[in-house]
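The structure appears right after this line, and notes come after that.
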Amino acid sequence: DTAVSQTPKYLVTQMGNDKSIKCEQNLGHDTMYWYKQDSKKFLKIMFSYNNKELIINETVPNRFSPKSPDKAHLNLHINSLELGDSAVYFCASSSGTGPGELFFGEGSRLTVL
Amino acid sequence: AQSVTQLGSHVSVSEGALVLLRCNYSSSVPPYLFWYVQYPNQGLQLLLKYTTGATLVKGINGFEAEFKKSETSFHLTKPSAHMSDAAEYFCAVSDVRSNTGKLIFGQGTTLQVKP
């Protein structure tokens, strides 16, 4: 069983389109995250939810909207895609909100043409 | 603000040689420190972490790291490299006072292992 699973793994789309990435964790964790990894492999946090409540919202364009229907799921919706949105998006989870180990999904590679 | 610097974006070693990946951090208080590994086309996996206590921490796959407060460093070592160690390695820091679980990552170091 995959602990943190993301779908789709690959996503190729045109500029201006709207797309979603889904994430599910079966670890029973309370906190989930979205990280963005750019072409230089730099990882930066985008959002974090704890028990469906948004606790981190970094300076991300409002075209990005996370949604957490329950504590096991955290989806990412992106409107009006731009070339610069091309990246690998990682979902992660952890137990609690204190500093600790994050469990990452395998990533979703988004390519905007 | 906290930050992490990994010296050397690319490290190449021969199989069987010592692996040394460097990480320095900046933090106003002693942080929690982590090393993660990313194999090609996979997510990140925790190698080891320092929170409190013993400053030399051992992780998976024979890796270890030592927290040196005076040098603000947390370098990752392995006595003998294996071909399967070839991957991207990330050092990360988390504020001990943080209640968000947020990790700040370094820019990563690509480890190449030559036969």
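Please determine whether any residue of the range B:11-23 is within 12 Å of chain A (Cβ to nearest Cβ) and either on the phi < 0 side of the Ramachandran plot or buried (at least 19 other Cβ atoms within 10 Å of the Cβ) (or both). No, there is no match, as no residue in the range B:11-23 is within 12 Å of chain A (Cβ to nearest Cβ) and either on the phi < 0 side of the Ramachandran plot or buried (at least 19 other Cβ atoms within 10 Å of the Cβ) (or both). The strands (runs of 3 or more DSSP E) found entirely in the range B:19-59 that carry 1 or more residues being in contact (Cβ under 8 Å) with a residue 60 or more places away in the chain are B:19-26, B:32-38. Give the residue, chosen from B:Lys49, B:Lys102, that is more than 13 Å from the chain's Cα centre (by Cα), within 12 Å of chain A (Cβ to nearest Cβ) and of a type in the set (D, E, K, R). Result: B:Lys102 is the single residue among B:Lys49, B:Lys102 that is more than 13 Å from the chain's Cα centre (by Cα), within 12 Å of chain A (Cβ to nearest Cβ) and of a type in the set (D, E, K, R). The residues listed here are B:Val29, B:Val37, B:Val93; of these, the one that is of a type in the set (A, V, I, L, M, F, W, C), exposed (fewer than 13 other Cβ atoms within 10 Å of the Cβ) and within 12 Å of another protein chain (Cβ to nearest Cβ) is B:Val29. Considering the conditions (1) at positive phi; (2) within 14 Å of another protein chain (Cβ to nearest Cβ), B:Thr109 is excluded by exactly one of them, (1).
The residues of the range A:46-86 that are of a type in the set (S, T, N, Q), away from chain B (no Cβ under 14 Å) and under 22 Å from A:Phe103 (Cβ atoms), listed by number, are A:Ser68, A:Asn75. Assess whether B:Gly43 counts as being at positive phi and buried (at least 16 other Cβ atoms within 10 Å of the Cβ). In short, no. Looking for something in contact with a Phe, Trp or Tyr (Cβ under 7 Å, 6 or more places away or on another chain), assigned to a loop (DSSP other than H, G, I, E, B) and of a type in the set (Ser, Thr, Tyr) - is there at least one such residue anywhere in the range B:77-85? For the range B:77-85, residues in contact with a Phe, Trp or Tyr (Cβ under 7 Å, 6 or more places away or on another chain), assigned to a loop (DSSP other than H, G, I, E, B) and of a type in the set (Ser, Thr, Tyr): absent.
Per-residue answers, yes or no, for (1) at pLDDT below 95; (2) under 22 Å from B:Val37 (Cα atoms):
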| site | (1), (2) |
| --- | --- |
| A:Lys40 | yes, yes |
| A:Pro66 | yes, no |
| A:Leu76 | no, no |
| A:Pro99 | yes, yes |
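Identification of strands (runs of 3 or more DSSP E) wholly contained in the range A:1-98 with 3 or more residues that are surrounded by 17 or more Cβ atoms within 10 Å (Cβ to Cβ) yields A:19-25, A:31-37, A:43-50, A:64-70, A:73-78, A:87-94.
The values are calculated or read from the model by the stated rules, or taken from the named source; none is laboratory data. Being a predicted model, the structure only gives us computed values, none of them experimental. Don't worry about glycine lacking a Cβ; one is built from the backbone with ideal geometry, like all the others, and counts go over all protein chains shown.
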